[in-house]
Amino acid sequence: MTKKENNLVVLSSDEEYCGGRSSSSKRRYRKTKSQSPLPRKSTRQAKKARLLGSRSCLHKDSRNVDEFNLFCEDFDQVFSTFKVSAGSGGICRNELWIDKYKPHSLEELAVHKKKVDEVKVWFEDRLRTPKDAHGNNVLVINGPSGVGKSATVHVIASHLGAKLCEWDTPTPVIWQEHLHNSSLGIQYTSKLDEFENFIGRMRKYGVIPSCFPNDSKQPIILLIDELPLTNGKAALKRLQNCLHLYVQSTQVPTAIVITDCAKVEGTDLTVQYLEELQLCLEDAGACKVAFNPITNNSIRKVISRICCQEQYSLAVEQIDAIAKSSGGDVRHAIMSLQLFCLKPSQICSSSSSALESSKENEEVPPTVVDDRFSFQFGRDESLSLFHALGKFLHNKRHTSNELVLDGEFSVKENLSRRPLNMDPPEKVLSQAHGQARPIADFLHENVLDFMNEEAVDDAWAVASYLGDADTLLSSYERMLARHNDAENILHLAAASVAVRGVLFGNSHPLSSRWHAIRGPKLWQIEGSSLSNKREMVKQRFIAYGGISLADFSVVATEYVPALKWLGSSASGDRENLPVMSDENTDFDLVNSGNGESHTSDEEIEDW
Amino acid sequence: MAPLLQSSQPWVEKYRPKQVKDVAHQDEVVRVLTNTLETSSCPHMLFYGPPGTGKTTTALAIAHELFGPELYKSRVLELNASDDRGINVVRTKIKDFAGVAVSSGQRQGGYPCPPFKIIILDEADSMTEDAQNALRRTMETHSKVTRFFFICNYISRIIEPLASRCAKFRFKPLSEEVMGKRILHISNEEGLSLDEEALSTLSSISQGDLRRAITYLQSAARLFGSSISSKDLISVSGIIPREVVDELFAACRSGNFDLANKEVNNVIAEGYPVAQMLSQIFEVVIEAHDLQDEQTAKICKKLAEADKCLVDGADEYLQLLDVVSQTMQALSSSMQL
Amino acid sequence: MLWVDKYRPKTLDQITVHQDVAQNLKKLVTEQDCPHLLFFGPSGSGKKTLVMALIRQMFGASAEKVKVENKTWKVDAGTRNVEIELTTISSTNHVELTPSDAGFQDRYIVQEIIKDMAKNRPIDSKGKRGHKVLVLNDVDKLSREAQHSLRRTMEKYSSYCRLILCCNSSSRVTEAIRSRCLNVRINGPTDDQIVKVLEFIGKKEGLQLPSGFASRIAEKSNRSLRRAILSFETCRVQQYPFVSNQAIPPMDWEEYISEIASDIMKEQSPKRLYQVRGKLYELLVNCIPPEIILKVIILSQFLLIFSVLMCDLYYLVSQRLLYELLKKLDAELKHEVCHWAAYYEHRMRLGQKSIFHIEAFVAKFMSIYKSFLISTFG
């Protein structure tokens, strides 16, 4: 997600930098990333490390190098202006709080102590003992975004007194930029090439001390933030090979930071690739530390610390709300805090909509912690699909009937349900980016597991509602076939019917217990049914002695079974009979016994 | 096989009246229209009424009488529902046709040839509302050189602005008498012998639709030769013999589900179209005087539902079985009362 | 070759079951006054046999020299070009295809293929262009639009070609098409007719038929001649010489469905429903059309309700009560079951995923049946 936003920045600022400043826009991209709490100094250094890398693509024309340096200079100017406009830090303090309050010591880290120790010990080991003593020098840190993965490495590096070199995935070269570059004679280098070059050099020479003329005695730690992931299997293979080699041969302690994207929302391929890469790294012998989302408690602590220093006093509820809505993302929590602490008087000159909405919020009495409040600070809270499905299937309801109905409108007893203990299903759906069709399929596959053993009536109600949803959907799809711009209101309605049908119909849900959610077997069934059908269509000439087309269903229901029968009781006199026996084995009923409990990783791709 | 003989021309075409005054049974319409023919000026027209009552025939006849065979092609455009008739067609085809100017009115070969073109839109009620709206503008812009004849079964499906621009003519269903005359005329021409019973059967099964009657007659003649009985006509028309329907209904009255199920199976195996069966059950139910209103209502409601389901493509056997079982329930509820 | 095909009558004269229809058709051909034809009737009644014999009557033995083609039609559909692939069987004089295979693009195919045929008409010995016959299967499965366009093309090209339409139910064919065709209803052969055919085949194959055996097969075939002959042949393979009380093997999928039905009768719970779903999947994988599944399920359920209840009841209740119970069964259970079957079958047509609807029916049945059991036995 963050990557995308940054791309946008590059694009939008493109006109500003047209005229040969493409590489500076590249630089700028890195700075916009200032969200991540990088120590300023090390960024510079890392830049130099990159320079090494980029040189290979610039070496053709030494003039380019000069140009490059030139850009580096005016880049600082650009950056400072940029920061004012983008950082909502306001006027008096033109620094983002996330930079200002980035952790400087181990104590300040919000990351769980155990994890930090784990990482620290690992680095200490590498740095203290002779280089060959360890099998490998690579540590993979993964976890969701904003939990302080890179920050941890930075802090530990400074704690151990090591120099940190950093490699960031460069901005993708956009097309116009590429055109421009090629007209200047700069060769295009893909980010993967760049990475390969870089890694290659690192393997051979380690970090060349001359890069850091001031003090070559310092130990060096390499941080690779974000692997250069590209599309395509071939590229992946290259990357894998390259990493594999690196892990096995490098002398420099290296941390590779990998940000998990939520499984469902990321493009499925990326997720898969990332997983493959991680596996490959582990195979090569890299150590792995997984960071979890940060607990609300630690976030609360961080927030109150900042509040203290900034001399804002926030109510406990407000801090709570911010912590809660951040979803374990410290960076985000601090951002929200800064936004929230803007007083109207301080932002009079600004008119960005985000600020305005915060102004609005100011009018709301701050003690009221309502939905809007948490919404405002909620990071784009996408539930995973499975989370949402789980909610629907478990069908959590309030234990007491809070919603006391007055006499005017009362529902029959068998139709009344206790109020739901969750957001409105439609909201949950939209958070999970659920498409109606797969949602219905998943519910259909799993709902029976969550039902009371005795409740056949419930099963019927649920099945019937799912059927209704299917009917709605199919009319939607038929409409789509005619006009592509058909409103998807039907789609939404179908999703709602499916979900609410399940919630309503399952009136005696099982008490909560753990259940794996299966991927719909239906998809597999449909696939094989289709291929069988194709097979059978080919065989329809078995009827009528091949001089006429047989009705398909007749072939399926009468000819094929009959031939199977006849074929199985091996008879010799039937040479004219089309050879069926081989295919027959394929037709044989898929054995039902293999209770496949696919946990849906593969199937998700299908949609 | 040798090329087709002329005899294969449908009788409906063969005996289609060529002149407005020959159109059967629509006396008022004919009177008004002959007037317009004499003055050779006509407004936009809208013909509506049940199928087989002579709407298309009348429209074609007017066109022919106005222009004669030579000019007919260049002056008359026939569009019917089965042509692709979205808004685009209305916009382009009609515009193109209407846009070409016509020479001033000069009599040619004894035909009046008034200075306008005629566009005949058959089955106009199956046009979308958008298309009809688009047509409205076209009508206005080209009203000097074109006349529109709309033909439809249901006037309610023509949007009001269009209908108000036209002279409306209602075509009524043909009476048995008129139909009988027409049929006799044709069977004389074709050398068929038709007895009294067959004639009345034909009139009743075609329900005032002359085209259908003629089609049945021709089919029967093809299949069974020149002497046609009422049984032949029934078998050709796809009408289900009364006995079958009665038997099914009797099974419903018996209250024995298995018996009814057997009857339903029988109906399906005999290949009777179930939609037809439903409408005939309907007749039986309406005629049955011993039923209470509520029972009739229940049965009719179920018939309507089943009909809709059939249109959606539902299985015939299951639908008919459902109808029968519900009918049975409705009937048995009376016995308890 | 299967007996069904081996003993299929080749000419109109050989046809025994629908002799009257065959003779009428022959007359039409000899008088060279053949209109468009619409054959309708249940599956296995002999529509196709008649059609093939009719074509042979028209064009002689050359009609049997057919080639199978997978043609791709490129159709200009106004805004875009559509490519449709379809299997056709054709001789010099006729083309046969199933336009509903093309899905919702069926309407283009009809127009296009008829245009194409009109262009390539065969030239007879006198140098005159003859006409072609187009056989369309499953016209009842055509969309409304396709039927409309079919009607138009029928009129436009009626001098070039003749259409022979086949379908199971004429309810779904629009009035417009029906009125332009000569409608021929083909009823399912009666049991006696089936028995005759079976005896004829038995004689040809030199088999000894015990008395009553053929009629048992006929009874089981549900008035489908094809079905009868197929099961006759399987009986022959299964056991010969025949014994008069020999079991007639059901189709494997039917057996499977009755298994499902008895599962349903034994236990009514969500868990069982889940197991049933697994079995239904197997049927669907084997391309058994879902509507047939639904139909056969209720038929076998009716049978089962009786047999299961009867067994249980004899021991449980007195004779009088049994009678009452059966009446109750008749009055409530059956009506309800067949109502829901019809309801869900309709839904299934409207929807896409048939399993949802079949399952809903099964669940409904379980629920009805369970409450019935509870109310009768407490």
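Summary of values
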| item | result |
| --- | --- |
| Qualifying residue in region C:323-330 (condition: touching a Ser or Thr at 6+ places or on another chain (Cβ under 9 Å), assigned to a helix (DSSP H, G or I), over 26 Å from B:Ala306 (Cβ atoms) and at pLDDT below 80) | yes |
| Residues that are within 7 Å of another protein chain (Cβ to nearest Cβ), within 22 Å of A:Arg437 (Cβ to Cβ) and not acidic (Asp, Glu), drawn from region C:345-366 | C:His346, C:Arg347, C:Arg349, C:Leu350, C:Gly351, C:Gln352, C:Lys353, C:Ile355, C:Phe356, C:His357, C:Ala360, C:Ala363 |
| Which numbered condition C:Ile298 misses (of (1) more than 10 Å from chain B (Cβ to nearest Cβ); (2) under 27 Å from A:Glu445 (Cα atoms); (3) at pLDDT below 80) | (1) |
| Checking B:Ile155 against (1) away from chain C (no Cβ under 14 Å); (2) farther than 26 Å from B:Val32 by Cβ, the condition it does not meet | (2) |
| Residues (modelled with pLDDT of 80 or more and outside any helix (DSSP H, G or I)) located in region A:464-507 | A:Asn506, A:Ser507 |
| Residue in region B:84-94 that is more than 28 Å from C:Arg144 (Cα to Cα) and either at pLDDT below 80 or assigned to a loop (DSSP other than H, G, I, E, B) (or both) present | no |
| Close pairs from region A:433-450: first touching a residue at least 24 places away in the same chain (Cβ under 8 Å), partner acidic (Asp, Glu) and crowded, with 21+ Cβ neighbours inside 10 Å, Cβ under 7 Å, at least 6 apart | A:Ala440/A:Asp470 |
| Any hit, region B:175-185, residues being buried (at least 20 other Cβ atoms within 10 Å of the Cβ), outside the structural domain of B:His44 (by the TED database) and among the small types (Gly, Ala, Ser) | no |
| Per-region count, region C:55-70, residues closer than 18 Å to C:Thr98 by Cβ and either of a type in the set (Asp, Glu) or not in a strand (DSSP E or B) (or both) | 3 |
| Selection status of B:Gly225, at positive phi and either among the small types (Gly, Ala, Ser) or in contact with a Lys or Arg (Cβ under 8 Å, 6 or more places away or on another chain) (or both) | yes |
| Of the criteria (1) outside any loop (DSSP other than H, G, I, E, B); (2) of a type outside the set (Ser, Thr, Tyr); (3) buried (at least 19 other Cβ atoms within 10 Å of the Cβ), which one B:Glu243 fails | (3) |
| Members of region A:105-114 found to be surrounded by 15 or more Cβ atoms within 10 Å (Cβ to Cβ), part of a loop (DSSP other than H, G, I, E, B) and free of Cβ contacts under 8 Å to residues at least 60 places away in the same chain, listed by number | A:Leu109 |
| Residue that is nearest to C:Asn137 (Cα to Cα) [pool: residues in region C:166-197 that are out of contact with any Pro (no Cβ under 7 Å at 6 or more places or on another chain), facing chain B (nearest Cβ under 9 Å) and among the aliphatic types (A, V, I, L, M)] | C:Val173 |
| Hey, B:Leu194 at pLDDT below 85, under 15 Å from the mean Cα position of the chain (by Cα) and more than 12 Å from chain C (Cβ to nearest Cβ) or not | no |
| B:Ala198 being in contact (Cβ under 8 Å) with a residue 12 or more places away in the chain and closer than 27 Å to B:Val30 by Cβ | no |
| Total residues in region C:228-273, condition in contact with a Ser or Thr (Cβ under 8 Å, 6 or more places away or on another chain), in contact (Cβ under 8 Å) with a residue 12 or more places away in the chain and among the β-branched types (Val, Ile, Thr) | 2 |
| Boolean, C:Asp20 is closer than 24 Å to C:Asn187 by Cβ, within 14 Å of chain B (Cβ to nearest Cβ) and surrounded by fewer than 20 Cβ atoms within 10 Å (Cβ to Cβ) | yes |
| B:Ser230 within 29 Å of B:Glu263 (Cβ to Cβ) and away from chain C (no Cβ under 11 Å) | yes |
| Residue in region B:314-336 that is modelled with pLDDT under 90, acidic (Asp, Glu) and surrounded by fewer than 15 Cβ atoms within 10 Å (Cβ to Cβ) present | no |
| Qualifying residue in region C:39-53 (condition: out of contact with any Ser or Thr (no Cβ under 9 Å at 6 or more places or on another chain), farther than 24 Å from C:Met154 by Cβ, free of Cβ contacts under 8 Å to residues at least 24 places away in the same chain and within 13 Å of chain B (Cβ to nearest Cβ)) | no |
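The values are calculated or read from the model by the stated rules, or taken from the named source; none is laboratory data. Quantities reported herein were computed from a predicted structural model and do not represent experimental measurements. Counting neighbours? That spans all protein chains shown, and the Cβs are built from the backbone with ideal geometry, glycine included.
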